[in-house]
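Asks: Before anything else, here's the structure in question.
Taken together, the values in this text are just the output of simple stated rules run on the coordinates, not laboratory data. It should be emphasised that the depicted structure is a prediction, and the values quoted were computed from it without experimental measurement. Here the Cβ positions follow ideal geometry from the backbone for every residue, glycine too, while neighbour counts run over all protein chains shown.
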Amino acid sequence: MARDDSDRRAHPRAPVELKVEYRKRDSFLADYTKNISKGGMFVRTDYPLDVGTELLFRMSVPSLPEPLSLRGQVTWVVREGEPPPPGVDPNQEPGMGIRFIFADEAERSAVESRVENLMIRSLGARLYSRLFTKEPERK
């Protein structure tokens with residue numbers, strides 16, 4: 001399954017490291033995000049799942065008492081010793097790009113709000129605003 005570059009970069013990303021737990025066959029794995037956006041995340045792992053795999057995962061967010069339980073789909077992978085897919089930084093470490101899958105608009109809105117707060121905390125409110133919000137052009 002080919003990766004859609006336009007979908008992959010549909011949302012701004014921020015460097016955020018969060019613990020992500022998910023199941024691979026009969027094992028439970030824990031890895032960490034490298035970056036996150038409102039639409040997905042990159043998970044660093046030496047053993048990425050195959051492109052197209054849907055998974056349930058739990059993401060630990062420091063400000064929340066319980067991890068977020070979310071669904072996602074692997075949209076692209078980088079494996080050790082293999083060249084990355086076209087359009088991916090040639091120095092990208094092994095891992096997988098995951099697109100969030102939402103049950104409905106209420107879930108989408110709630111997750112996007114939490115992710116935006118994570119991005120603001122990671123970058124700072126001023127930098128986040130400068131990078132990710134459209135300001136009117138000054139004349």
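Asks: Quickly run through the stretch 16-47 and pick out the residues that are under 20 Å from residue 108 (Cα atoms) and outside any strand (DSSP E or B).
Replies: 16, 18, 37, 38, 39
Asks: What's the total number of residues in the stretch 62-121 that are at positive phi and surrounded by fewer than 17 Cβ atoms within 10 Å (Cβ to Cβ)?
Replies: Looking only at that region, the number is 2.
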